[in-house]
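Student: Could you have a look at this structure, given as structure tokens, before my questions?
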Amino acid sequence: MNARAPRHLHLNVNILHSGFVPSAWRLPGADPRAFIDVAHYVRVAQIAEAAKFDAVFLADNASIADQIDFRPITALEPTVLLASIAAATTHIGLIGTASTSYNEPYNIARRFSTLDHVSGGRAGWNIVTTADAGSARNFGLDAAPDHAQRYARAAEFTDVVKALWQSWEDDAFVGDKTGGRFIDTDKVHPVAHRGEYFNVQGPLNLPRTPQGYPVLVQAGGSADGRDLAARHAEAVFSASQSFEESAAYRGDLLARAAAHGRGPEAIRVLPGLTTIVGATEADALRRRDELVELIPWRYSLTRLAGTLGIAPERLQLDERLPDDLPLPAAGNGNHTFFHATLAQARQHGYTARQLIRALAGGGGHRVVVGTPEQIADDIERWFRGGAADGFNLMPDALPGGLQDFVDGVVPILQRRGLFRTEYEGSTLREHLRLAQPPDRRTSQQRRAAIAT
């Protein structure tokens, strides 16, 4: 890919059940059962596809990780749900989360390769390591493995998945009826991996997919997370509260990628962005406040305390956050949202109540409240200034908040020449303007040429 080609803004939508704001399910017209209704997810995806978004994204948890007495949970398994979305759409990318801590490389390689085949090359795998204790207990552990161990396992896990995806050469499938030759077995290779965490023989039982293999996505703010992203990720979901923080994160990530021999076009950095759209700024602020008031303060304090890794009793609504806040779980918790939330509180001197309102009851992602023009201005500033390659959108409510963004903000971005008006390709790699990975034979030839 030509490094001098003009940059284009990328937009995904995180289909976080009823919406990013925890009270979204309580709005008039909202369906409380949307979190387990495939038609809801399909409708959101179709709205995003009509607006020419790059992809939809599904987060995931291997346990009940929220206060289900009030808020819907992430419940449906992502790849199964994305296969249903694939059948109802034609172009939009399909990014799903799967944990390296509680899966095996072969089944993840096969699952996402299958999704890539059935969707015509639209799949992406979001690599997570899963830090919560509830998930650990669901898989027979007393506690989550420590941070360094989770990321060491994730690095080897991803190496193996990529090797499995590369175990077939592009032209291994023959399908010659006349000659009676189905597969050229000389072009299907074992992986024969023997490592610290995994022993995998291979090859995969699926040929290469329309986009070579699924796009690799990662989200991590720790040093280990950034190193994993620099080695493998092609898109990175980040959490930054300020332009300067995001620009520094993107610069650091690209520098780490360069140290692994990857060029500046290898990774797209997509910060999370919650949008609350109004006809006027006052309307948008009113909508935010109404949504926040629908959230019990007990819920919000407990959620904020969980993000910070402290007991809820340490927080008082009308007092600032405690000064002595170490990383959650002695560094074994979620670094990304801890730092993003704390940065927001410290920068503005917020009390807990003010912080909860600024985050729209959320857990660390940036919230922009305003008119379509104001939101478009914010997006353009971050994109043109090099703080982001695009955004992972989390509308306040779904599908209404996404429709507000599509109707109001997208046309402005298109008029400014920032965002596409039509898809230029059919695969997720083409949407993200990522190079197609070469097959095993081509990779070996390149390594041999470098060695000589």
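Student: Which count do you get for residues in the range 133-150 that are within 15 Å of Pro328 (Cβ to Cβ), touching a residue at least 12 places away in the same chain (Cβ under 8 Å) and surrounded by fewer than 16 Cβ atoms within 10 Å (Cβ to Cβ)?
Tutor: 2
Student: Mind checking which strands (runs of 3 or more DSSP E) fall wholly inside the range 169-234 and carry at least 3 residues that are touching a Leu at 6+ places or on another chain (Cβ under 7 Å)? Before the answer, list the steps.
Tutor: Details: elements: 173-176, 181-183, 215-218.
Output list is empty.
Student: Based on this model, can you work out whether Asp389 counts as more than 20 Å from Asp289 (Cβ to Cβ), modelled with pLDDT of 95 or more and out of contact with any Asp or Glu (no Cβ under 8 Å at 6 or more places or on another chain)? Quick ask: steps written out before the conclusion?
Tutor: On the way: more than 20 Å from Asp289 (Cβ to Cβ): yes; modelled with pLDDT of 95 or more: yes; out of contact with any Asp or Glu (no Cβ under 8 Å at 6 or more places or on another chain): yes.
When the stated conditions are applied, Asp389 passes them.
Student: Restricting the first residue to the range 110-125 and requiring it to be touching a residue at least 60 places away in the same chain (Cβ under 8 Å) and on the phi > 0 side of the Ramachandran plot, which pairs with a second residue that is assigned to a helix (DSSP H, G or I) and crowded, with 17+ Cβ neighbours inside 10 Å meet a Cβ separation below 9 Å and a spacing of at least six or different chains?
Tutor: Gly120/Ala86; Gly121/Leu428; Gly121/Arg429; Gly121/Glu430
Student: Can you find even one residue in the range 23-34 that is surrounded by 15 or more Cβ atoms within 10 Å (Cβ to Cβ), over 21 Å from Gly121 (Cβ atoms) and of a type in the set (D, E, K, R)?
Tutor: The initial filter retains those residues of the range 23-34 that are surrounded by 15 or more Cβ atoms within 10 Å (Cβ to Cβ), namely 23-27, 30, 34.
Applying the additional criterion that residues be over 21 Å from Gly121 (Cβ atoms) yields 23-27, 30, 34.
Now drop any that are not of a type in the set (D, E, K, R), which leaves 26.
Yes, that holds for at least one residue.
Okay, residues lined up against (1) part of a helix (DSSP H, G or I); (2) in contact with a Gly (Cβ under 8 Å, 6 or more places away or on another chain); (3) hydrophobic (A, V, I, L, M, F, W, C); (4) at negative phi:
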| position | (1), (2), (3), (4) |
| --- | --- |
| Pro271 | no, no, no, yes |
| Arg287 | yes, yes, no, yes |
| Glu290 | yes, no, no, yes |
| Ala305 | yes, no, yes, yes |
| Glu313 | yes, no, no, yes |
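Student: Hey, Ala258 hits all of (1) at pLDDT below 95; (2) in contact with a Pro (Cβ under 9 Å, 6 or more places away or on another chain); (3) more than 28 Å from Ile356 (Cβ to Cβ) but one; which does it fall short on?
Tutor: Result: Ala258 passes all but (1).
Student: Something else: Given the residues Gly363, Gly390, Gly370, Gly400, which is the only one that is surrounded by 23 or more Cβ atoms within 10 Å (Cβ to Cβ) and under 30 Å from Asp31 (Cβ atoms)?
Tutor: Numbers: Gly363 fails: surrounded by 23 or more Cβ atoms within 10 Å (Cβ to Cβ); Gly370 fails: surrounded by 23 or more Cβ atoms within 10 Å (Cβ to Cβ); Gly400 fails: surrounded by 23 or more Cβ atoms within 10 Å (Cβ to Cβ).
Only one candidate qualifies: Gly390.
Student: Hey, among Leu285, Leu253, Leu273, which residue is modelled with pLDDT of 90 or more, within 30 Å of Gly400 (Cβ to Cβ) and buried (at least 16 other Cβ atoms within 10 Å of the Cβ)? Even if it seems obvious, please write down each step before you answer.
Tutor: Numbers: Leu285 fails: buried (at least 16 other Cβ atoms within 10 Å of the Cβ); Leu253 fails: within 30 Å of Gly400 (Cβ to Cβ).
So the residue among Leu285, Leu253, Leu273 that is modelled with pLDDT of 90 or more, within 30 Å of Gly400 (Cβ to Cβ) and buried (at least 16 other Cβ atoms within 10 Å of the Cβ) is Leu273.
Student: Are there any pairs, at least 6 apart or on different chains, whose C-beta atoms fall under 6 Å, with the first in the range 153-170 and under 20 Å from Lys187 (Cβ atoms) and the second assigned to a helix (DSSP H, G or I) and basic (Lys, Arg), and if so, which?
Tutor: Gln166/Arg440; Glu169/Lys187; Glu169/Arg440; Glu169/Arg441
Student: Any chance you could count how many residues in the range 319-334 are surrounded by fewer than 18 Cβ atoms within 10 Å (Cβ to Cβ) and at pLDDT 75 or above?
Tutor: Within the range 319-334, residues that are surrounded by fewer than 18 Cβ atoms within 10 Å (Cβ to Cβ) and at pLDDT 75 or above number 8.
Student: Please go through the range 101-120 and pick out each residue that is surrounded by 24 or more Cβ atoms within 10 Å (Cβ to Cβ) and assigned to a loop (DSSP other than H, G, I, E, B).
Tutor: Ser119
Student: Another question about this same structure. Here is a check on your reading of the model: is Phe405 in a strand (DSSP E or B) and either small (Gly, Ala, Ser) or touching a residue at least 24 places away in the same chain (Cβ under 8 Å) (or both)?
Tutor: On the way: in a strand (DSSP E or B): no; either small (Gly, Ala, Ser) or touching a residue at least 24 places away in the same chain (Cβ under 8 Å) (or both): yes.
Spelling it out, it is not the case that Phe405 is in a strand (DSSP E or B) and either small (Gly, Ala, Ser) or touching a residue at least 24 places away in the same chain (Cβ under 8 Å) (or both).
Student: Further, regarding this structure: Of all residues in the range 340-382, which are of a type in the set (Gly, Ala, Ser), under 23 Å from Ala219 (Cα atoms) and in a helix (DSSP H, G or I)? Outline the logic, then answer.
Tutor: Step one: of the range 340-382, the residues of a type in the set (Gly, Ala, Ser) are 340, 343, 345, 349, 352, 358, 360-364, 370, 376.
In the following step, the residues that additionally are under 23 Å from Ala219 (Cα atoms) were identified as 340, 343, 345, 358, 360-364.
Within the range 340-382, Ala340, Ala343, Ala345, Ala358 meet the criteria.
Student: Condition check: in contact (Cβ under 8 Å) with a residue 60 or more places away in the chain, crowded, with 20+ Cβ neighbours inside 10 Å and not β-branched (Val, Ile, Thr). Does Gly263 satisfy that? Write out each step before concluding.
Tutor: Working: in contact (Cβ under 8 Å) with a residue 60 or more places away in the chain: yes; crowded, with 20+ Cβ neighbours inside 10 Å: no; not β-branched (Val, Ile, Thr): yes.
Against the criterion (in contact (Cβ under 8 Å) with a residue 60 or more places away in the chain, crowded, with 20+ Cβ neighbours inside 10 Å and not β-branched (Val, Ile, Thr)), Gly263 does not qualify.
Student: To continue, here is another question. Which pairs have Cβ atoms under 9 Å, sit 6 or more apart or on different chains, and link a residue in the range 242-255 that is in a helix (DSSP H, G or I) to one that is charged (D, E, K, R)?
Tutor: Listed pairs, sorted by first residue: Phe243/Arg381; Ser246/Arg366; Tyr249/Arg226; Arg250/Asp389; Asp252/Arg226; Leu253/Arg226; Leu254/Arg262.
Student: Can you tell me how many residues in the range 69-100 are over 17 Å from the mean Cα position of the chain (by Cα) and of a type outside the set (A, V, I, L, M)?
Tutor: Here the count works out to 8.
Student: Within the set of pairs 6+ apart or on separate chains, which have a first residue in the range 276-294 that is under 28 Å from Asp69 (Cβ atoms), a second that is in a loop (DSSP other than H, G, I, E, B), and C-beta atoms under 6 Å apart?
Tutor: Cβ pairs passing all conditions: Ile276/Asp396; Arg287/Gly278; Arg288/Ala360; Leu291/Val21; Leu291/Ser23; Val292/Gly361; Leu294/Ser23.
Student: Just give me the residues in the range 47-85 being out of contact with any Ser or Thr (no Cβ under 7 Å at 6 or more places or on another chain), in a helix (DSSP H, G or I) and closer than 22 Å to Gly401 by Cα, in sequence order.
Tutor: Ile47, Ala48, Ala50, Leu81, Leu82, Ile85
Student: From (1) at pLDDT 95 or above; (2) in a helix (DSSP H, G or I); (3) not basic (Lys, Arg), pick out the condition that doesn't hold for Phe337.
Tutor: (1)
The values are calculated or read from the model by the stated rules, or taken from the named source; none is laboratory data. Remember, predicted model here, so these are calculated numbers, not experimental data. Cβ: placed from backbone, ideal geometry, glycine included. Neighbour counts: every protein chain shown.
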